[in-house]
Amino acid sequence: MTAIPLTGDLIELGFGDKGKNPRPGVPWRDPDNWKPRESFPEGTTMGYPTGYEAFVVDLDGYKARAWDEFERTEPDLALKVSELHSADTLIVATQSGGKHVYFKMVDGITNAGMKKDVFDIRGLGGYAVHPDSPGYTVINNPGYIGDAPEWLIERLVAAGSKQFDKPLPPRAEVTDADLALIPERHLHAWSSGVPEHVKRHAVVFAFMCDLARAGVPIDAAYRLTVAHECSRSKRWSDANVWRQVQIAYAKVGADADFWRKRKYLTAIYYNARRRRVAPWALLGVLITEALHALPYNVTLSTVKGPMSMNFISAYIGPSGTGKSLAQSVAAELFTFGGKAVRDRVEPGSGEGILGPIYAGTDKDGNEQWGDNHAVGIAYDEISSLANRTGRGGSTIIDYLKIGWSGGALSSVTRGDKGMIGRHQYRMTTLFGAQPDLCDVLFDRNASAGGLTQRIAWFSVVDAERKSERDDSEPRVYNFPAPRFDVVWQVKALPEMNAAYDAHDDLAQEGKLDPLDTHELMVRSKIAVALMAMDGRMDLVSEDWQIAGTIIEHSKATRKGVLDALSSAKAREDSAKGQSLGLVTAISEQAKRAHDIARVSKIARAKIAENPSITRGALRAKMRGDDRKSGVADEVLDELFPEKQAA
């Protein structure tokens, strides 16, 4: 039986006077009253706070008369709503005859956007009865929470911007006590405004978020925001300001909830605050170190075959923002199974990567393997990698790409004696980079070959650094070491395998963003790291869900890099009159992704016709230009992993 893919804490529900309509018996918006699912005995009616990992569409399909009227007056919307009954996501039949359809949460969705007697919405600030409650039956469970259709997201986000639960407070003058609450960095903009070219809404929203992080009461934040010069110059209504304040406070609350999900996430957050390093950057380093600490032969068993736990992460921020500080804090304050974080090397060539893993044989023929068959690589400044890859014949990028997949590595200088087999080593890499200097991670060699897509991106820019500083003493935290002395394969969850299949379908249909081709594999490795940091050898759904949140941060950071590169290239082109090379690289990458999908489809059809066909025979049937470009071999590596070439 597939596990219900809901990982958030729950609340206990009672009932109204007539024994219907479950109601909370505690102040349920207070997270202190939320409890894990396992703390409730069987037969308990439980509430699931929505608006964090999922929102719910409550379909009142049993009210036939209201539905008939809805179909008559709004036929187009009625058709779209009817399709939700068969959506590819978790669907639960309610005790009253309706359905709860769960979708992945999107910022801005509240309880607004309903259609009376047809469907209700439960987003931020709401709850739904949990599927394990009496009278509720799961009728569709693909093992994950699916994405909502675009029309529904647009409708609900628009409605959420117009309505929040709390009534508008009475207008009041700003007091001296209120003024003392304004963060120093906002004082000038609050009193004098900002230049015309600056987006005033962004300035005001950042102001509201900082007030929320500082613990300023929401009513005081409302008064200060109404009086903000940017609000006054835009002539925003009190009601609009109040809605935005509530949205900002809800967003900050959701962000804080992430760092409370697990004990070690809380430890990472507070140690980051005490050492003045961005929590996301410190988390990224520790994820990388957790995977590095795994025995070299531990892999993830998936529907696509074994997956290497080798990993690459990048830390992005302007000069002076502490790109290497996260590594120092990780080494100072965190241990894995009582062992300190290991030192890393900065290899000058692909050959330099192999040395720490395998040094060949000694004079007596004994193989000389390094500790855990592992190499930890770090380029504190991306310019170091750029300089080395610029040399003729440099193989660093190629080795990193093969290493991430756990493919066989060979040494040009050592011949067969330098061969390292598949999944026989551990390799993790960290890059530090300024966003507008990341060309080497997005050029043709990196992006067309797949290195760009294999990277997990973490921002070292910390917008909350001033409001969240903590001067207390940091504490050393030890991650318990999983006992992998017997188990050497981690089994993927059913929802992970289902996600791989859906991902492959999009790739085959040419609907996948070329930069997202390896997204699920990166997410899977992060999930295993989260599992290991908990001292476990088995994945749980929450590992996969938290990894999804981290992937969203990674994609947002990567987008910031692309924007910075585009701006830098545009400035350079304006001065030199040259074309924008980044667009060309991404275009070529998109073409390669399309070619891979085309060749894969043909190859799978040939295998279906002749299951015993060999790799060589199948390769001979492929087009010459596909063999020459390497597309054929990339597809064959996936279909015949045991015969992957070095």
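The values are calculated or read from the model by the stated rules, or taken from the named source; none is laboratory data. Quantities reported herein were computed from a predicted structural model and do not represent experimental measurements. Using ideal geometry, Cβ is built from the backbone for each residue, glycine included, and neighbour counts are taken over all protein chains shown. Just the protein is used for accessible areas: all its heavy atoms, side chains included, with ligands, DNA and RNA removed. Shrake-Rupley method; radii C 1.70, N 1.55, O 1.52, S 1.80 Å.
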Check: What distance in nm separates the simple spin-label points at Arg232 and Ala481, each placed 7 Å from Cα in the Cβ direction?
Finding: 6.3 nm
Notebook entry, point to check: Given [x] 344; [y] 145; [z] 210 as candidate values of volume of the Cα convex hull per residue in Å³, which corresponds to the one derived from the coordinates?
Noted result: [z]
Note to self: Give me, ordered by chain and number, the residues 5 or more places off Asn478 or on other chains with an amide H under 5 Å from its own placed amide H.
What the structure shows: Thr335
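If Lys and Arg each add +1 and Asp and Glu each add -1, what is the summed charge of the other residues whose beta carbon sits under 12 Å from the beta carbon of Arg342? Don't jump to the answer; show the numbers that get you there.
Details: positive: Lys339, Arg344, Arg426; negative: Glu289, Asp343, Asp371.
Taking every other residue near Arg342 into account, the sum is 0.
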Next item on the list: Return the sequence-ordered ³J(HN,Hα) values of the range 500-514 in whole Hz as given by the Karplus equation 6.51 cos²θ - 1.76 cosθ + 1.60 applied to θ = phi - 60°, using x for Gly and Pro.
Entry: 4, 4, 5, 4, 5, 4, 5, 5, 5, 8, x, 9, 9, 4, x
Next item on the list: May I ask you to evaluate 6.51 cos²θ - 1.76 cosθ + 1.60, the Karplus curve with θ = phi - 60°, for each residue of the range 552-566 and list the ³J(HN,Hα) values in order in whole Hz, giving x for glycine and proline?
Entry: 4, 4, 4, 5, 5, 5, 4, 4, x, 5, 4, 4, 5, 5, 4
Check: Once fully extended, how much extra length lies between Leu77 and Arg260, figured as 0.36 nm per residue of separation less the alpha-carbon to alpha-carbon distance?
Finding: 62.0 nm
Note to self: Can you list residues from other chains, or at least 5 along the same chain, whose modelled amide H is less than 5 Å from the amide H of Val490?
What the structure shows: Thr299, Leu300, Ser301
Notebook entry, point to check: Which whole-number percent is the relative contact order of the range 157-309 (Cα, under 8 Å, 6+ apart)?
Noted result: 20 percent
Notebook entry, point to check: Which far-off residues, 5 or more places away or on another chain, put their amide H under 5 Å from the one on Ser133, with H placed in the peptide plane?
Noted result: Met46
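Carbon and sulfur together cover what percent of the accessible area of the range 490-531 at a 1.4 Å probe radius? Spell out each step's value before the answer.
On the way: 820 of 1530 Å².
Taking all protein chains in place, the range 490-531 shows 54 percent carbon and sulfur surface.
Stretched out fully, how many nm does the piece from Arg623 to Ile607 gain, at 0.36 nm a residue minus the Cα gap?
On the way: separation 16, 0.36 × 16 = 5.76 nm, distance 1.62 nm.
Full-extension gain reported as 4.1 nm.
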Next item on the list: Restricting to the chain, compute how many DSSP beta bridges are antiparallel as a %, nearest 5.
Entry: 60 percent
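For the range 226-290, which whole percent of the accessible surface, found with a 1.4 angstrom probe, sits on carbon and sulfur atoms? Don't skip to the answer; put the middle values down first.
Numbers: 1120 of 2370 Å².
Carbon and sulfur atoms account for 47 percent of the accessible area of the range 226-290.
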Check: 222 nm [θ] for the chain, helices only, -39500 (n - 2.57) per DSSP H run of 4+, per residue, to 500?
Finding: -13000 deg cm²/dmol
Margin query: Treating only the Cβ of Lys, Arg, Asp and Glu as charged (+1, +1, -1, -1), what charge dipole size does the chain show about its Cα centre? Round to the nearest 20 debye.
Written below: 660 debye
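For Gln368 and Ile218, compute 0.36 nm times the residue count separating them, minus their Cα-Cα distance, and round to one decimal in nm. The partial results should precede the final answer.
On the way: separation 150, 0.36 × 150 = 54.00 nm, distance 6.32 nm.
Net length gain for the segment: 47.7 nm.
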Checklist line | Sulfur and carbon atoms: percent of accessible area, the range 44-135 [1.4 Å] | finding: 48 percent
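Would you mind getting the accessible area per residue of the chain, heavy atoms of the protein chains only, 1.4 Å probe, in Å²? Write out the running numbers ahead of the final one.
On the way: 30510 Å² over 646 residues.
Per residue, the chain has an accessible area of 47 Å².
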Next item on the list: Quick one: what are the phi-derived ³J(HN,Hα) couplings along the range 635-640, Karplus 6.51/-1.76/1.60 with θ = phi - 60°, whole Hz, x for glycine and proline?
Entry: 5, 5, 4, 6, 7, 10
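What is the packing order of peptides 111-124, 143-156, taking the mean over residues of other C-beta atoms within 10 Å and listing the highest first? Walk me through the numbers before you get to the answer.
Working: 111-124: 20.0, 143-156: 18.2.
Descending mean neighbour count gives 111-124, 143-156.
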Item checked: Cα→Cβ-extended label distance, 7 Å offset, between Ala239 and Thr395, nm -> 6.9 nm
